Each structure stands twice: as structure tokens, then as C-alpha cells.
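The values are calculated or read from the model by the stated rules, or taken from the named source; none is laboratory data. Not measured: the values here are computed from a predicted model. With ideal geometry, Cβ positions are generated from the backbone for all residues, glycine too; neighbour counts draw on all protein chains shown. Note: areas computed on protein heavy atoms with side chains; ligands, DNA, RNA excluded. Shrake-Rupley method; radii C 1.70, N 1.55, O 1.52, S 1.80 Å.
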Amino acid sequence: MKRVLETKVEDNFMIRFKYYKSNKPKPSLEEVIKIQNDTIEVNNISNIIENDPRTKLLGLKDFTNWKTYTFKKHPGLFLILNPFTSLGQRFWIRKCLEEYPKKPNKTNIDIERNIEDWWSELCKGEQWDRKLQKKLRWTTLGYHHNWDTKVYSEENRDVFPLELAELCDVVAQYLGYVNFNAEAAIVNYYHMGSTLSAHTDHSEVNLEAPLFSFSFGQSAIFLIGGHEKSYEPSAILLNSGDILVMSKEARLCYHAVPKILPALNQPWNNHEESKIITCDDVKTKYINIKKIVTEMNRNVDNEWTCFGSYVQESRINVNVRQVLMENRKTLDD
Ligand code: SIN
């Protein structure tokens, strides 16, 4: 009897997951959360009056153009609807493909073969190998997630990318999290049939800090439930540029991606929105401006074509966490 009950309580998340994963029949999107009905728009979140000078540099629009929502059924969950400029999206997509999978970062391909620089070795020019291109499913940054033990360690840690830490800091400050430190990230690469099964993210020592999740390229159905799998999950459509933030009660909730959907819009190609930025636009003491300005602007030319072809058929998700408690530098502190 007990066993029967246990199977039953497991079912609600799985039932919805299978429903949205199915191709025959295709799921109806009728019950996907509607921004107008199921969310509350939030304004003046952290009393930020002035725009952060870093927004432009990091490919973000001014705060005044951001649309941020909370969910009636999921306290602690925030959705910021694509606050990126078109060039901003291109900048981040390119980082995820060209730079983040490079060594010393870890990827799923490491198990099979040693590739120093996935994009240059397998995705460019003559070496273009579609099969190997599609094999990349994840890259880890900073404290590398250990998929077997689920335990972070100092031995398995590399430098966290500065620009990604700054991006998270801008979003964290905007939401009122003034002490967030980006220390670990998983970049997930999805193709049209890919899924990600139900899980919670609980390996971090600091579970009070929020988790920031950025989506680029094709769209996805994202399921979020409660602290048990018995809780009926909600389905949220995530489009390119959207930022989902899991904080407070939502931080440890089960979530999954049962389906990748073709994007209805391609905001990374929306050039009217993006103007080339110059160093004078960005008065900031924070990061190496010159390098980012050059990187941001070069994506208007034909250097972008290969990255554009990739996201035409794929989705990229970057989810970033703080691992350590405040004011700690290492796990051993
Ligand atoms: C994750 O939970 O690890 C990824 C979620 C997503 O792809 O949106």
C-alpha cells in the first residue's frame, strides 16, 4: 500500500512533463502561464532611480524598459522579459558558444575526447562537424558542478567569467540582492528534441542566494513545481533573452524543460533596436570596457553567421549560482 501511495505522489510533475514532452499528440499551450492573468507586474523593485552604467556595456536596455513579473502561484520566482538589445543577445550567445566551452572549463564531451576549444575545432570552417557540434550539452564555469557527487570542491574550481558575474550583479542589484556573487554556472545547450528532467539545485552551501537563469535562441516550455514532485507544476514559456530568477521559496523547487519550441521571434536579429556602442557611452569603473565594446560591435558583420545558424536550431540556457556564504572566499573558510 505504501509503495502504491509513493508512486502516486511522484506522479504530478511527471504527468505534466510527459504531457509537454509528447510529439504525438502535440501538447496544447492553452495552460501555459499567461502574463496577463497569472502574474503580477512589479515596478520599483529596489527603489533604483538611476540606471546602472553597466547596462549598455553588457547589452542590456535601460531599466525603464524592463518588464518584470512575479507569479501568483510561485512566490520568489521572477521573470524579466527579454531586457537585452539585439547586439546584447548576440554577444551572450557568442560567449556561450565560442568562449565558455574552452578549457579549463568542463564540458560533457570531455568524457569522450579531449577538446581544448570546441567552437574552433569542430564548428568553424572546414572542420565543421555537425554531429560533434550537436554533442555539446553542457559546460560548467567557476565551481564546476560534479554530476555524480553533486558536491562542489576547491580542486574543481576555475575563474568565473568576469562579464557574466557583472551581468548577474546588475540583475541582482535591480532585484534588491545587493550582495550576490556569481561563483558557479551551468550552460545548457538544447536542440529541438532535447529535454531536461525534473530536478532541484541544492548543491550550493548558500541556498538563500537566488539563482539566475538566462535563455537565448529557440524557446522552451519550463515547468516549475514545489518542493515535492507531487505538487502540480506550472508551465512557463521562455523566449530568447528572458531572465528567470529563482529566489526564496522558489529557489529549491522542482523544475524541468520538457520541450523546445521554435521561436516565434528572433530578437537577436532585431537590428533597429541595437545601435553600436562606443566607449564614451559607457562611463564605468567596473570592467575592461574596450574589450567588451569591440566584442559587442563585431557581431553585426558576417562573423556572426555561424553563431546565427546554431541558434536557429538550438536553445542556450545559462544558470548562475552563488555557492559560498557571504564574505567567504573558499569552501574551506
Ligand atoms: C536548469 O534548470 O538547469 C536549466 C533550465 C533551463 O534550461 O531553462
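Computed quantities for the displayed model
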quantity: The stretch 82-98 residues that are small (G, A, S), paired with ones that are assigned to a helix (DSSP H, G or I) and open to solvent by less than 10 Å² (accessible area, probe 1.4 Å) (beta carbon under 8 Å, 6 or more apart); calculated: S86/W268; G88/M296
quantity: Test for L264: is it open to solvent by 40 Å² or more (accessible area, probe 1.4 Å) and under 27 Å from M325 (Cβ atoms); calculated: no
quantity: Test result for V311, within 25 Å of A184 (Cα to Cα), open to solvent by less than 30 Å² (accessible area, probe 1.4 Å), in a helix (DSSP H, G or I) and modelled with pLDDT of 95 or more; calculated: yes
quantity: 1 or more residues at positive phi: qualifying strands (runs of 3 or more DSSP E) within the stretch 129-200; calculated: 138-142
quantity: Sole exception among (1) within 12 Å of the ligand (Cβ to nearest atom); (2) in contact (Cβ under 8 Å) with a residue 60 or more places away in the chain for T200, by number; calculated: (2)
quantity: The stretch 175-209: number of residues that are touching a Gly at 6+ places or on another chain (Cβ under 9 Å), open to solvent by less than 10 Å² (accessible area, probe 1.4 Å) and of a type in the set (A, V, I, L, M, F, W, C); calculated: 2
quantity: Long-range neighbours under 9 Å by Cβ, at least six apart or interchain, first residue of a type in the set (A, V, I, L, M, F, W, C) within the stretch 144-166, second in a strand (DSSP E or B) and open to solvent by 30 Å² or more (accessible area, probe 1.4 Å); calculated: W147/W138
quantity: Selection from the stretch 124-153 of residues that are surrounded by 14 or more Cβ atoms within 10 Å (Cβ to Cβ) and closer than 26 Å to A182 by Cβ; calculated: L136, R137, W138, T139, T140, L141, G142, Y143, H144, H145, N146, Y152
quantity: Index of the failed condition, A172 passing every other in (1) open to solvent by 10 Å² or more (accessible area, probe 1.4 Å); (2) closer than 30 Å to I292 by Cα; (3) away from the ligand (no atom under 16 Å from the Cβ); calculated: (1)
quantity: Of all residues in the stretch 210-232 being part of a loop (DSSP other than H, G, I, E, B) and either within 30 Å of S86 (Cβ to Cβ) or open to solvent by 10 Å² or more (accessible area, probe 1.4 Å) (or both), the one that is nearest to the ligand (Cβ to nearest atom); calculated: Q218
quantity: Selection from the stretch 281-308 of residues that are at pLDDT below 85, in a helix (DSSP H, G or I) and open to solvent by 40 Å² or more (accessible area, probe 1.4 Å); calculated: D281, K290, K291, T294, R298, V300, N302, E303
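Table: residues versus (1) outside any strand (DSSP E or B); (2) at pLDDT below 95; (3) within 22 Å of N297 (Cα to Cα).
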residue	(1), (2), (3)
Q89	yes, no, yes
R94	yes, no, yes
K103	yes, no, no
E116	yes, yes, no
